[in-house]
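A.B. asks: First the structure, then my questions, so here it is.
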Amino acid sequence: MPGPIQSIQRAAEVLKLLAHGGAHQLSVGEISRALDLAKPTVHGILRTLQEVGFVEQEVEGGKYRLGAALFQIGTSYLDGNELRAKALNWSDTLAMRAREAVRIGVMHGKHVLVVHHVFRPDNSRQALDTGALLPWHATALGKVLVAFGEWPDGELQRFTRHTLGADELSGQLDFVRDRDWAYDLHELVEGEASIAAPIRDKRGVVVGAVGISGPVERLCESPDQPPRLELVSYVREAARSVSRELGGLSW
Amino acid sequence: MSYIAAIDQGTTSSRCIVFDQSGGIVSVAQREHRQIFPKPGLVEHDATEIWTNVRAVVRDALAKASLTHADIAAFGITNQRETTVVWDRQTGEPVHNAIVWQDTRTDAVIKQLGDPDRFRERSGLPLATYFSGPKLRWLLDNVEGLRARAERGEVLFGTMDTWLIWNLTGRHVTDVTNASRTMLMNLETLDWDPELVSAMDVPLAMLPEIRSSSEVYGTYEGVPVASALGDQQAALFGQTCFAPGEGKCTYGTGAFLLLNTGDRPVRSQNGLLTTVGYQIGDEPAAYALEGAVAVTGALVQWFRDKVGLISSAAEIETLARTVDDNGGAYFVPAFSGLFAPHWRSDARGVIAGLTGYISRGHLARAVLEASAWQTKEVVDAMNADSGVDLTTLRVDGGMTANNLLMQFLSDVLDVPVVRPIVAETTCLGAAYAAGLAVGYWPSIEALKANWHKAAEWEPSMEPAARDKGYRKWKKAVERTVGWMDEDDD
Ligand SMILES: Nc1ncnc2c1ncn2[C@@H]1O[C@H](COP(=O)(O)OP(=O)(O)OP(=O)(O)O)[C@@H](O)[C@H]1O
Ligand SMILES: [Mg+2]
């Protein structure tokens, strides 16, 4: 068997370093100092990693951060069934607090796959829709997943007159990244709204989203206002609790 | 705002869950303890390790929610049942590892005692290795000098509730539900039965005082310790099955179907156990019929740890979904013999129907399906004993996270399967009982209002497929019995 390949070892060191930095991006110089490698070597490694999408630059010639393709690979390691098992207690508690139905979603191709569903706690007749696919662009779950993942190609179907188009959406995703939660208002079904927040694993990678959905009159103060902040805080708290369960946040 | 902290000392782990007044979970902490397998069929725990873990999970659960003992209105306790420990009254040191409920070492003691139904009338239980009395007897016979020390009152016996309450509060007590699993308690008097105690030949001096399930036993760090319930009874309580005819099945290490039969013990004609469901303070006890299945989640855990085809319990669903059916394979996990409704300690596990066609996916299916078929057996027994057919199955426990299993369960039982909004009903039940004792919740009616349906699975299997599957399952069960011989140990 051949021995370890030095350039792969070095590439791995670079990726680890960037992962530790989190949101903090690193320049070629900083990396070369930290790893005690010549600048041209580091540069070569970064260029190759950039080609396969494992690292990215904000602007040409700027600092480096981990790339989306790397996260896609990592994400596939978290099994949806595992996520459901880990999230069980917290999704139940969210449903109780918010008095609304809870869903947990992950990206599955161009759609949001519902991996867990908790009924609205009013003992009414409801059907389990675990396994269902939802359009990403018209749901809070989908906006969270895409804001922290990759924009899937494909047409954005209009479900209501409130469904957003690509331009508006991309503006909203900035807002989602900023605030760390998302909502939809009449965008999938007229009169319905949803709120969601990201679930992160121990690398800080968004591996799913948890959220509630229900009639606009219960979720919002008025039909054209964003959701009530109390509900948003329950959703975010649940997302943090599940993330902790996955080792994504310390207590 | 104050909270209730429930301590669940389980077979595989100890956890502490802090609940608020709506029954919502505020924080969770959990630690696993070692499973000690000295020989095939033997299972032990280190009671000292468990006590250390319990203190740690209480500390962690409070810390995670930034709470102190002053925020806690009461502690509730629930525990793995039947697991037996004996310790020195002076030093608090256990004299031997705890003998776990799954342990089959008392096989010989059981055979010696003769007719399996000998104690059924008084204790509600068939003679089986499962219960604490025979385990205590084994310790007295096998730990040197123990009998003499017991007679002098130097050592104490307890199930895990007793062990924890003694360490937490200094009192030597047990609750009626745990006592009903010793085979030493009389179901009518709810006290130690002189005849049972003398037949089992254990000194009365070492037995704890039997109390209700919901009262203040003492305090720990100034907080009342205010409930004790065996884990399955706690789940019954947590599911708010307070009326006769209400029941639930909990899926953890094993699966346990309990049906509330009201203020009267009902003797089973079909291999079920008669047990105490709960007793709140001075009120009359509620009794239950129980179908106990030893191995359900434990089989998934075995598949993960010993076979290694999956790296987490939840992944079994992913693996099982790679195929459409079991390919003809049936897995009967008679690891500790067969419990309800068969009660065959001479049985051992089999995988039946193996062919070259069977893949790992089929095995994963067979593992999950085993939980459902075993439930069907105890549901059939329950229907026969009670004369009315089950119309819905209320479920809880860790395995209810498995959608494939829950759907299959509904399919083979041909009734809807319903999960309540808190799957951790064991802890919730202990919290409820403790909260009632200290007035945190006013009444059991108030608790009922907290119960909500979180998920429901509807049956969708063709009757012919169900009948065929059940027929094959029964044939596989037949192949497990009589495996153990005299010279096996
Ligand atoms: N998604 C799943 N699919 C199948 N089995 C599962 C799943 N999640 C957990 N389990 C099984 O359920 C069991 C854990 O459930 P739970 O936490 O309710 O049990 P427990 O309370 O720890 O058991 P005990 O009290 O006996 O220690 C384990 O045996 C595990 O193998
Ligand atoms: Mg348990």
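A.B. asks: Over the Cα atoms of region A:172-218, Rg to Rh with Kirkwood Rh, two decimal places?
C.D. replies: Numbers: Rg = 12.2 Å, Rh = 11.6 Å.
Rg divided by Rh gives 1.05.
A.B. asks: Follow-up question, since we're still on this one. Taking a label point 7 Å from the Cα of B:Leu354 along the Cα→Cβ vector, which residues of region B:304-332 have an amide N closer than 20 Å to it?
C.D. replies: B:304-310, B:320, B:325-332
A.B. asks: Tell me, Kirkwood radius of region B:24-124 from alpha-carbon pair distances, in Å? Kindly include the intermediate steps, with their values, before the conclusion.
C.D. replies: Working: mean 1/r = 0.0596 Å⁻¹.
Hydrodynamic radius (Kirkwood, Cα only) of region B:24-124 equals 16.8 Å.
A.B. asks: Could you work out how far the C-alpha centroid of region B:20-37 sits from that of region B:307-349, in angstrom?
C.D. replies: 26
A.B. asks: Quick one: go through region A:106-149 and flag any residue whose amide nitrogen is under 11 Å from the point 7 Å out along the Cα-to-Cβ line of B:Ser312.
C.D. replies: Hits in region A:106-149 for B:Ser312 at 11 Å: none.
A.B. asks: When the Cα atoms of region B:206-263 are enclosed in a convex hull and the volume is divided per residue, what value in Å³ results? Intermediate results must be reported in sequence, preceding the final value.
C.D. replies: Working: hull volume 8.2 nm³, N = 58.
That works out to 141 Å³ per residue.
A.B. asks: Kindly count the pairs of lysines across chain B whose alpha carbons are less than 19 Å apart, treating pairs on different chains or eight or more residues apart as eligible.
C.D. replies: So the count of such lysine pairs works out to 10.
A.B. asks: Sequence gap at least 6, Cα distance under 8 Å: using those rules, report the relative contact order of chain A to the nearest whole percent. Each step should come with its number before you reach the end.
C.D. replies: On the way: 434 pairs, mean separation 37.1, N = 251.
Once divided by the residue count of chain A, the mean separation gives 15 percent.
A.B. asks: Please list, in chain and number order, the residues 5+ apart from A:Cys220 or on another chain whose amide H is under 5 Å from its amide H, with Hs placed from the backbone.
C.D. replies: Correct list: A:Arg228.
A.B. asks: Calculate what fraction, in whole %, of the accessible area of the protein assembly as shown sits on carbon and sulfur atoms when a 1.4 Å probe is rolled over the protein chains. Walk me through the numbers on the way to the answer.
C.D. replies: Working: 14690 of 29620 Å².
Carbon plus sulfur share of accessible area: 50 percent.
A.B. asks: For an R0 of 35 angstrom, estimate the FRET efficiency from the Cβ-Cβ distance between B:Asp117 and B:Trp302 and round to the nearest 0.05.
C.D. replies: Values: r = 32 Å, r/R0 = 0.90.
Here the calculated transfer efficiency is 0.65.
A.B. asks: Another question, if that's okay. Work out, in µm²/s and without decimals, the Stokes-Einstein translational diffusion coefficient of region B:280-346 at 37 °C, 0.692 mPa s, Rh from Kirkwood over C-alpha pairs.
C.D. replies: Values: Rh = 14.9 Å.
Using the Kirkwood radius from Cα pairs, D works out to 220 µm²/s.
A.B. asks: If every alpha-carbon in region A:82-208 counts as one equal scatterer, what log10 I(q)/I(0) does Debye give at q = 0.15 1/Å?
C.D. replies: -0.69
A.B. asks: Report the one residue of A:Ala98, A:Ile199, A:Gln172 whose Cα lies farthest in the direction of the positive end of the charge dipole of chain A (charges on C-beta: Lys and Arg +1, Asp and Glu -1; origin at the Cα centre).
C.D. replies: Looking along the dipole axis, the top candidate is A:Ile199.
A.B. asks: Just counting partner chain Cβ atoms within 10 Å, what average do the residues of peptide A:126-132 show around their Cβ? Walk me through the numbers on the way to the answer.
C.D. replies: Values: counts 4, 2, 9, 0, 5, 1, 0.
So the per-residue partner count for this stretch is 3.
A.B. asks: Let me ask another. Averaging the inverse of every distinct alpha carbon separation and then flipping it gives the Kirkwood radius. What is it for chain B, in angstrom units? Let's see the in-between values first.
C.D. replies: Values: mean 1/r = 0.0444 Å⁻¹.
Across chain B, the inverse of the average 1/r is 22.5 Å.
A.B. asks: So how many Å³ per residue does the convex hull of the Cα atoms of region B:166-267 work out to?
C.D. replies: 136
A.B. asks: While we're on this one: Sequence-distant or interchain residues sharing an amide H contact under 5 Å with B:Asp191, placed H: which?
C.D. replies: Amide H neighbours of B:Asp191, under 5 Å, 5+ apart: B:Asn186.
A.B. asks: With the solvent-accessible surface defined on protein heavy atoms using a 1.4 Å probe, which residues belonging to region B:409-450 display a reduction of at least 50 Å² in accessible area in the multichain context relative to the isolated chain?
C.D. replies: B:Arg419, B:Ile421
A.B. asks: While we're looking at this one, here's another question. Under a Cβ-only charge scheme (Lys and Arg +1, Asp and Glu -1), can you give me the dipole magnitude of region B:235-312 about the Cα centre, in debye to the nearest 20? Provide the component values of the computation, followed by the final result.
C.D. replies: Working: 5 positive and 6 negative charges, 73 e Å.
Taking the Cα centre of region B:235-312 as origin, the dipole is about 360 debye.
A.B. asks: Applying 1/(1 + (r/R0)^6) with R0 = 56 Å to the Cβ-Cβ distance of A:His20 and B:Asp346, what FRET efficiency is obtained, to the nearest 0.05?
C.D. replies: Working: r = 58 Å, r/R0 = 1.03.
Rounded to the nearest 0.05, the efficiency is 0.45.
A.B. asks: Between region B:38-102 and region B:187-218, how many Å separate their Cα centres?
C.D. replies: 21
A.B. asks: Now for a separate question. Hey, if you put +1 on the Cβ of every Lys and Arg and -1 on every Asp and Glu Cβ in the protein assembly as shown, which of B:Thr189, B:Ala285, A:Gly208 ends up farthest toward the positive end of that dipole?
C.D. replies: A:Gly208
A.B. asks: Let me ask another. Shielding of B:25-34 by partners, i.e. mean partner chain Cβ atoms within 10 Å per residue?
C.D. replies: Working: counts 7, 2, 4, 5, 1, 0, 0, 0, 0, 0.
Partner-chain Cβ atoms within 10 Å, mean over residues of B:25-34: 2.
A.B. asks: Related question: For region A:129-199, restrict the atom set to alpha-carbon positions and state the Rg and Dmax in Å.
C.D. replies: Cα radius of gyration and Dmax of region A:129-199 are 11.3, 31 Å respectively.
A.B. asks: Return one whole number: the accessible area per residue of chain B in Å², for a 1.4 Å probe.
C.D. replies: On a per-residue basis, chain B sits at 35 Å².
A.B. asks: Round to the nearest 10 and report in Å² the accessible area of A:Glu217, as given by a 1.4 Å probe over the protein chains' heavy atoms.
C.D. replies: Estimated to the nearest 10 Å², A:Glu217 gives 140 Å².
A.B. asks: Please state the equivalent ellipsoid semi-axes for chain A: what are the square roots of 5 times the Cα gyration tensor eigenvalues, largest first, in whole Å? Could you put the intermediate results ahead of the total?
C.D. replies: On the way: eigenvalues 282, 76, 49 Å².
Working through the eigenvalues yields semi-axes of 38, 20, 16 Å.
A.B. asks: Continuing with the same structure: Over region A:102-203, what is the relative contact order in percent, taking alpha-carbon pairs closer than 8 angstrom and at least six residues apart?
C.D. replies: On the way: 163 pairs, mean separation 23.7, N = 102.
That works out to 23 percent.
A.B. asks: Across peptide A:78-85, how many C-beta atoms of other chains are within 10 Å of each residue C-beta, on average?
C.D. replies: Values: counts 0, 8, 3, 14, 8, 2, 5, 11.
Counting other chains' Cβ atoms within 10 Å and averaging over A:78-85 gives 6.
A.B. asks: At a probe of 1.4 Å, how much accessible area disappears from chains A and B on forming the pair, both sides counted, to the nearest 100 Å²? Let's see the in-between values first.
C.D. replies: Details: alone 13700 and 18280 Å², together 29620 Å².
Protein heavy atoms only, the A-B interface buries about 2400 Å².
A.B. asks: Another question about this same structure. For region A:24-127, report the convex hull volume of the alpha-carbon atoms normalised per residue, in Å³, without decimals. Walk me through the intermediate numbers first.
C.D. replies: Details: hull volume 16.5 nm³, N = 104.
Given the Cα convex hull of region A:24-127, per-residue volume reads 159 Å³.
A.B. asks: Using the Karplus curve 6.51 cos²θ - 1.76 cosθ + 1.60 with θ = phi - 60°, what ³J(HN,Hα) values do you get for each residue of region B:9-17, in whole Hz, with x for Gly and Pro?
C.D. replies: 8, x, 5, 9, 8, 10, 9, 10, 10
A.B. asks: A:Ser27 to A:Asp178: FRET efficiency via 1/(1 + (r/R0)^6), r the Cβ-Cβ distance, R0 25 Å, to the nearest 0.05?
C.D. replies: 0.55
A.B. asks: OK, next. Kindly write out, for region A:35-48 in residue order, the coupling ³J(HN,Hα) from the Karplus curve 6.51 cos²θ - 1.76 cosθ + 1.60 (θ = phi - 60°), rounded to whole Hz, with x marking Gly and Pro.
C.D. replies: Karplus-based 3J(HN,Hα) across region A:35-48 equals 9, 6, 10, 5, 4, x, 4, 4, 4, x, 4, 4, 5, 5 Hz.
A.B. asks: Given +1 on the Cβ of Lys and Arg, -1 on the Cβ of Asp and Glu, and no further charges, what dipole in debye does region B:1-56 carry about its Cα centre, rounded to the nearest 20?
C.D. replies: Roughly 80 debye, rounded to the nearest 20.
A.B. asks: Let me ask something else about it. Please state, as a whole number in µm²/s, the translational diffusion coefficient that the Stokes-Einstein equation yields for region A:160-246 at 25 °C and 0.890 mPa s, with Rh defined as the Kirkwood radius across alpha carbon pairs. Display every interim value, and only then the final one.
C.D. replies: Numbers: Rh = 13.5 Å.
Value of D from the Cα-based Kirkwood radius: 181 µm²/s.
A.B. asks: Further question: Given Cβ point charges of +1 (Lys, Arg) and -1 (Asp, Glu) and nothing else, what value in debye, to the nearest 20, does the dipole of chain B about its Cα centre take? Walk me through the numbers before you get to the answer.
C.D. replies: On the way: 44 positive and 62 negative charges, 155 e Å.
For chain B, the charge dipole is close to 740 debye.
A.B. asks: Report relative contact order for chain B in percent, whole number only (criteria: Cα-Cα under 8 Å, sequence separation at least 6). The partial results should precede the final answer.
C.D. replies: Values: 1127 pairs, mean separation 73.1, N = 489.
Answer for chain B is 15 percent.
A.B. asks: Can you work out the Karplus-derived ³J(HN,Hα) for every residue in region B:164-181? Use 6.51 cos²θ - 1.76 cosθ + 1.60 with θ = phi - 60°, whole Hz, and x for glycine or proline.
C.D. replies: Running phi through 6.51 cos²θ - 1.76 cosθ + 1.60 with θ = phi - 60° gives 6, 5, 5, 6, 6, 10, x, 8, 9, 9, 9, 9, 4, 5, 5, 4, 5, 9 Hz.
A.B. asks: Starting at 0 and stepping by 10 Å, how many percent of the alpha carbon pairs of region B:396-489 end up in each bin?
C.D. replies: Per 10 Å bin, starting at 0, the Cα pair percentages come out as 13, 27, 23, 20, 13, 3.
A.B. asks: In vacuum, with every alpha carbon of region B:332-429 counted as one equal point scatterer, what does the Debye formula give for log10 I(q)/I(0) at q = 0.17 Å⁻¹? Two decimals, please.
C.D. replies: -0.94
A.B. asks: Let me ask something else. Once each part is reduced to its C-alpha centroid, what is the distance from region A:198-225 to region A:1-68 in angstrom?
C.D. replies: So the separation of the two Cα centres works out to 34 Å.
A.B. asks: Also, I was wondering about something else. Averaged over all directions, how much area does the convex hull of the C-alpha atoms of region B:184-343 cover when projected, in nm²?
C.D. replies: Details: hull surface 55.2 nm².
Convex hull of Cα atoms, orientation-averaged projection: 13.8 nm².
A.B. asks: Here's a follow-up. Region B:1-74: D in µm²/s via Stokes-Einstein (Kirkwood Rh, Cα pairs, 37 °C, 0.692 mPa s)? Mind dumping the intermediate values first?
C.D. replies: On the way: Rh = 13.1 Å.
Translational D for this selection: 250 µm²/s.
A.B. asks: For A:Trp151 and A:Arg10, compute 0.36 nm times the residue count separating them, minus their Cα-Cα distance, and round to one decimal in nm.
C.D. replies: In short, 47.7 nm is gained.
A.B. asks: Scaled to the compact-protein estimate 2.2 N^0.38 Å, what is the alpha-carbon radius of gyration of the protein assembly as shown, rounded to two decimal places? Working shown, then result.
C.D. replies: Values: Rg = 27.8 Å, N = 740, 2.2 N^0.38 = 27.1 Å.
After normalising by residue count via 2.2 N^0.38 Å, the value is 1.03.
A.B. asks: If the label point is 7 Å along Cα→Cβ of B:Arg321, which residues in region B:391-414 have backbone nitrogen under 15 Å from it?
C.D. replies: Only B:401-408 fall inside the zone, counting backbone N under 15 Å.
A.B. asks: Expressed in nm², what is the orientationally averaged projection area of the convex hull enclosing the Cα positions of region B:120-197? Write down the numbers at each step before the final one.
C.D. replies: Values: hull surface 22.2 nm².
Orientation-averaged projected area of the Cα hull: 5.6 nm².
A.B. asks: Starting from the amide H of B:Arg118, placed 1.01 Å from N in the peptide plane, find each other amide H under 5 Å away whose residue is 5 or more places distant or on another chain.
C.D. replies: Residues meeting the criterion, in which the H sits 1.01 Å from N, are B:Leu127.
The values are calculated or read from the model by the stated rules, or taken from the named source; none is laboratory data. Since this is a predicted model, take the numbers as computed values, not measurements. Using ideal geometry, Cβ is built from the backbone for each residue, glycine included, and neighbour counts are taken over all protein chains shown. Surface accessibility is based on the protein's heavy atoms, side chains included, excluding ligands, DNA and RNA. Shrake-Rupley method; radii C 1.70, N 1.55, O 1.52, S 1.80 Å.
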